[in-house]
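Shown next, in structure tokens, is the structure this report addresses.
The values are calculated or read from the model by the stated rules, or taken from the named source; none is laboratory data. These numbers were taken from a predicted model, which means no experiment stands behind them. Positions of Cβ are backbone-derived with ideal geometry, glycine not excepted, and every protein chain shown enters the neighbour counts.
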Amino acid sequence: MRIYFKYVLLAGLQWLAMRGLAQSASAKDDAFKFADSVFGRPAFLFETLGPDIPADMQPVLIRMNNAISANKEWFIEYRNKYGGSGQALPYDEHFGISREDYRRVQHMETQPPQLVVADSQKVAVSKDHGVIGFKSEGGTHLLDYLFIDIQHQRLMYGGDTIPYNGRASADPSNPYGKWRGYSWRLERTDVNASLAAGKPTARVIEVDLGLPQTPGKTYIRIEYQDIKAGVSTANMELIGYIR
């Protein structure tokens, strides 16, 4: 997992706590009509957003990420030992960075950087029996797991059907900027596995689609999390603009 996903995801969780959702049959109709209008073309340009990390912090994050990747078992034990308090993990030399650099990393967690366009690629749109699908031409293929059945009002990601969650909005103060649109969200917990291990086993998938403050673009965000026996086995977030 790239280290910047951690910071983007943290900002996303803060934003989720602030936004408002409203559900209705007409809102669901509007959501799929909006999706159909956005993807009713053979191709589009997708701009991936990433955090605007200061240049001097980038090597620090890379060193920390590499150190944790090289000591995964230690990090899992360390996180399980100290991570339940709700506070930031205390400094340890196994992080591969200095104590002062770790303080700067913690500061970034409390004040996540704003997002900027980090990459762009062309994405082809297909329609098979009314189901919209995607094929990315660049190195990022996370959009290719998304399918939208406009007629039956179903949105699917990676084989899971994601229920419509309601209207969504965000104000200019959050890292994503101001936007208004719609949200689909799946939260699934394996109760038996969670009880057997004494730790949660769950999956969370969210897809947000809407209009940002910047004209001529459509905002999309896809969050995917898998937790097995309290350990994160997948933690991905894709954020970008459709042009």
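Look at Val105 and say whether it is β-branched (Val, Ile, Thr), assigned to a helix (DSSP H, G or I) and either within 22 Å of the chain's Cα centre (by Cα) or modelled with pLDDT under 90 (or both). So Val105 passes the test. For the range 131-148, what are the residues that are in a strand (DSSP E or B) and surrounded by fewer than 17 Cβ atoms within 10 Å (Cβ to Cβ)? The answer is Val131, Lys135, Ser136. Taking the conditions (1) under 21 Å from the mean Cα position of the chain (by Cα); (2) not in a helix (DSSP H, G or I) in turn, Ile97 satisfies each one other than (1).
Of the residues in the range 99-119, none is surrounded by 15 or more Cβ atoms within 10 Å (Cβ to Cβ), of a type in the set (Val, Ile, Thr) and within 24 Å of Gly240 (Cβ to Cβ).
Every residue, every condition in (1) touching a helix residue (DSSP H, G or I) at 6+ places or on another chain (Cβ under 6 Å); (2) closer than 24 Å to Ser232 by Cβ; (3) not assigned by TED's automatic domain parsing to the domain that holds Tyr224, yes or no:
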{"site": "Ile148", "(1), (2), (3)": "yes, no, no"}
{"site": "Gln153", "(1), (2), (3)": "yes, no, no"}
{"site": "Gly158", "(1), (2), (3)": "yes, yes, no"}
{"site": "Tyr164", "(1), (2), (3)": "yes, no, no"}
{"site": "Asn174", "(1), (2), (3)": "yes, yes, no"}
{"site": "Ser183", "(1), (2), (3)": "no, yes, no"}
{"site": "Thr189", "(1), (2), (3)": "no, yes, no"}
{"site": "Ala197", "(1), (2), (3)": "no, yes, no"}
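Taking first residues from the range 37-49 that are assigned by TED's automatic domain parsing to the domain that holds Ile148 and outside any strand (DSSP E or B) and partners that are surrounded by fewer than 19 Cβ atoms within 10 Å (Cβ to Cβ) and not charged (D, E, K, R), the Cβ contacts under 7 Å between residues at least 6 apart in sequence or on separate chains come to Val38/Ile242; Phe39/Val125; Arg41/Val125; Pro42/Ala124; Pro42/Val125. Note on the range 55-70: among residues that are free of Cβ contacts under 8 Å to residues at least 12 places away in the same chain and part of a loop (DSSP other than H, G, I, E, B), the one that is nearest to Val123 (Cα to Cα) is Ala55.
Would you check if Asp128 is loosely packed, with under 13 Cβ neighbours inside 10 Å, among the charged types (D, E, K, R) and either in contact (Cβ under 8 Å) with a residue 40 or more places away in the chain or within 28 Å of Thr161 (Cβ to Cβ) (or both)? It is true that Asp128 is loosely packed, with under 13 Cβ neighbours inside 10 Å, among the charged types (D, E, K, R) and either in contact (Cβ under 8 Å) with a residue 40 or more places away in the chain or within 28 Å of Thr161 (Cβ to Cβ) (or both). Going by what's in this entry, would Asn80 be described as closer than 27 Å to Ile239 by Cα, in contact (Cβ under 8 Å) with a residue 60 or more places away in the chain and outside the structural domain of Val207 (by TED's automatic domain parsing)? Answer is no for this residue.
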